[in-house]
């Protein structure tokens, strides 16, 4: 879908990125100043690479070797800015129609009513942007970009300016968009929550470079990338399905390849496909299956690797029914247990350590 | 009842005609200059900026004399206009409008430029990503957002034109029915004995016209602001 290899120098900072993204949501994740926004501005044509090549859907948008630089208005990309950027002198309806009106009938692939419905903005159409809440503004901005029938939707931290309630109000819509309208999304974020619930593919940005790229679960579970992903507590990200809720005990059961997990009750519908993160420091390891113990989740596993981590800690990767679980134990504990690759052990995870924020509904890629 | 004499009617009509044309004629140029100064870097920008502001600090008589030399029937441009097209500018109401426009131009450009500098460039970028070319973006996004500044510029320029005297009398003189605007008629009356009462009446008319213009400006600008704020 998007093929990009660009270099751009901004003062002393250099952005040099190579990317290939497919369908679904691709997240550019990294700290502020890692070059995420520079990348999508170059894709949108709002800033110019010093050299390189940008191709979207087989259409060359920029190529320094043959002198192609398509103007932003001819790139047919939707851009949702962090600050919304709705036109203050136009009503919500006119804002939504701004891009749509400039398309010929054959270029219109996105239906007005469908967008209004998915984003839930039907009751706002006659208002002025100044009278909308932050969450409403962002939904309108998303609708406006979408209605321009873009080849790809670029989103630059669209939720960063919102408080957590407003964020929760917009987040589900974004997830639904890519599927419903079959438009790939390039999503810039420095929030792990957003990445967990949206991203099919994750690109880790660091100092102007793409440090790693791949399926979200895989990239987030890679130990060597901890320095980049570990601003949020390091751990494994796994796929699970909501089995059901137990009202009496107040627990929710999730099943994954390695068995069943219990956590404090949440509100996800049974059968929902979710992403779950388990912090490395929340996993304890027992050589024998413990008897009477409060820990609810005891999963048989096999040690895959053992390696020293910083500060006398030891990283242990466990194979739990084919899913990798990353545990961190103290060096002192390792001295006692003498874990070796291949050993059969039991991974223990307290149900209460899996917080609601660690679970996000996320279906498979579109 | 305050009824206008034919002399007053004529002066008032000429003042409005001259000021109206001065503003309407210079507005597109004013917007273009404001845009250039606000948005573009080019060699000699400081010079252009200074040139535009010159009428603000020069004695109007100097501007009027310069216009006479340039646009008079024997002037560099004025001569050519007369020889080729038979157009005379000096000593006509059109000349008065040009003199007013030149004098009021810096005020207009300043107001629009300030407003342009306050426009969020991000909105223009957003328009571009939505398929809107640079020219269309200017007319559908930038211009509406600059409307308050344009309004202010227009009102300032109109008010300055109404009060224009020095450049006008130097360039187009005092010709009844052609260039005798309110200030010039007033000046003429103060030069003849027994003109005090008539002069006072012209003063009142001037005040009323100026005040009406300011009031209209205020109402319009409130409407524009309300539109932007929702």
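Structure above, values below:
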item	result
Some residue of region A:196-209 being in a strand (DSSP E or B), at negative phi and surrounded by fewer than 20 Cβ atoms within 10 Å (Cβ to Cβ)	yes
Restricting region A:80-98 to residues that are more than 22 Å from residue A:188 (Cα to Cα), facing another protein chain (nearest Cβ under 7 Å) and touching a residue at least 24 places away in the same chain (Cβ under 8 Å), the residue that is surrounded by the most Cβ atoms within 10 Å (Cβ to Cβ)	A:98
Condition met for residue A:159 (within 14 Å of residue A:82 (Cα to Cα) and away from chain B (no Cβ under 14 Å))	yes
Residue count, region A:47-61 (criterion: surrounded by fewer than 22 Cβ atoms within 10 Å (Cβ to Cβ) and in contact (Cβ under 8 Å) with a residue 24 or more places away in the chain)	9
Test: residue A:274 is under 21 Å from the mean Cα position of the chain (by Cα), on the phi < 0 side of the Ramachandran plot, crowded, with 21+ Cβ neighbours inside 10 Å and modelled with pLDDT of 85 or more	yes
Selection within region A:120-148 - within 11 Å of chain B (Cβ to nearest Cβ) and either surrounded by fewer than 18 Cβ atoms within 10 Å (Cβ to Cβ) or modelled with pLDDT under 90 (or both)	A:126, A:127, A:130, A:131
Some residue of region B:139-147 being surrounded by 18 or more Cβ atoms within 10 Å (Cβ to Cβ), at pLDDT 90 or above and farther than 26 Å from residue A:91 by Cβ	no
Residues of region B:117-147 classified as part of a loop (DSSP other than H, G, I, E, B) and either over 28 Å from the mean Cα position of the chain (by Cα) or within 7 Å of chain A (Cβ to nearest Cβ) (or both), total	4
Residue match in region A:289-298 (condition: touching a strand residue (DSSP E or B) at 6+ places or on another chain (Cβ under 6 Å), more than 19 Å from residue A:242 (Cα to Cα) and surrounded by 15 or more Cβ atoms within 10 Å (Cβ to Cβ))	yes
Test for residue B:32: is it under 17 Å from the mean Cα position of the chain (by Cα) and either without any contact (Cβ under 8 Å) to a residue 60 or more places away in the chain or part of a loop (DSSP other than H, G, I, E, B) (or both)	yes
Residues of region B:53-92 that turn out to be buried (at least 18 other Cβ atoms within 10 Å of the Cβ), touching a helix residue (DSSP H, G or I) at 6+ places or on another chain (Cβ under 7 Å) and in a helix (DSSP H, G or I), as a count	8
Any chance residue A:21 is touching a strand residue (DSSP E or B) at 6+ places or on another chain (Cβ under 7 Å), in contact (Cβ under 8 Å) with a residue 40 or more places away in the chain and within 14 Å of another protein chain (Cβ to nearest Cβ)	no
Which listed residue is modelled with pLDDT of 85 or more and on the phi > 0 side of the Ramachandran plot, from A:284, A:301, A:338, A:333	A:338
Hits in region A:39-79 (condition: within 14 Å of chain B (Cβ to nearest Cβ) and under 14 Å from residue A:210 (Cα atoms))	A:40
Breaking point among (1) in contact with a strand residue (DSSP E or B) (Cβ under 8 Å, 6 or more places away or on another chain); (2) part of a loop (DSSP other than H, G, I, E, B); (3) exposed (fewer than 13 other Cβ atoms within 10 Å of the Cβ), for residue A:307	(2)
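The values are calculated or read from the model by the stated rules, or taken from the named source; none is laboratory data. Keep in mind it's a predicted model, so treat the numbers as computed, not measured. Note that we place each Cβ from the backbone using ideal geometry, even for glycine, and neighbour counts take in every protein chain shown.
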